[in-house]
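Okay, so here's the structure we're looking at.
The values are calculated or read from the model by the stated rules, or taken from the named source; none is laboratory data. Model, not experiment: these values are computed from the prediction. Positions of Cβ are generated from backbone atoms using ideal geometry, with glycine treated the same way; all protein chains shown enter the neighbour counts. Protein only, heavy atoms only, side chains kept; ligands, DNA and RNA dropped before computing areas. Shrake-Rupley method; radii C 1.70, N 1.55, O 1.52, S 1.80 Å.
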Amino acid sequence: MNNQNLTIASHIKVSRGFYTHHGIVVNDDKVIHYSGFAEAFNKGCIEITDLDVFLGEATTFEVVNYPSCEVRYSDDEVVERAYSRLGEDDYNLIFNNCEGFACWCITGKNKSEQVDSVMRNTTTTVLSYSLARSVASSTINETAKRMVATTAIHTILPTTTIKSGIVGAAV
């Protein structure tokens, strides 16, 4: 697990299967992170843990790099910001999660790419489904209208005659 890019104030992430877990490295072997739903559905708080505990069963992790224009704080300030929220118990999977916390420490913005990606994909799926239903419904409606018109023409016209260019009832 020795990562040469790992420095104090690094934002690190580790895969947990369906999602990634994020934290801020505050010294050689400690990470501050939002424990989230660490114990089933019991909300966890922001805590400091050993790197090994943070990693869990994972054997690798990744350092999250930010463009310099997004980095708002020095390494010391990043660590200070992480410590300032220790014990906070306001976890929310969408609005206040471990990735948002780590990003906030570095950029000042509580942002989660995981959540943004899920929201984009969900929105795209919902819009695609709605569009497909609308097109299908329009196609069905147009087909139904044509069938009704055709049926009406075949039902009404045989009982009418055209006299002097005027449509009237058959005599």
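Quick notes
- Residue list for segment 101-121, filter: at pLDDT 85 or above, of a type in the set (D, E, K, R) and either touching a strand residue (DSSP E or B) at 6+ places or on another chain (Cβ under 6 Å) or surrounded by 14 or more Cβ atoms within 10 Å (Cβ to Cβ) (or both): 111
- Near pairs, Cβ below 9 angstrom, 6+ apart or cross-chain, from segment 53-65 (farther than 16 Å from residue 17 by Cβ) to any residue that is surrounded by 13 or more Cβ atoms within 10 Å (Cβ to Cβ) and among the aliphatic types (A, V, I, L, M): 53/31; 63/6; 63/12; 63/25; 64/12; 64/102; 64/106
- Boolean, residue 137 is open to solvent by 90 Å² or more (accessible area, probe 1.4 Å), more than 22 Å from residue 18 (Cβ to Cβ) and either part of a helix (DSSP H, G or I) or at pLDDT 65 or above (or both): no
- Scanning segment 8-50 for residues that are at pLDDT 95 or above and not in a strand (DSSP E or B) turns up 8, 9, 10.
- The set of residues in segment 54-88 being assigned to a loop (DSSP other than H, G, I, E, B) and surrounded by 14 or more Cβ atoms within 10 Å (Cβ to Cβ) consists of 58, 61, 71, 72, 73, 85.
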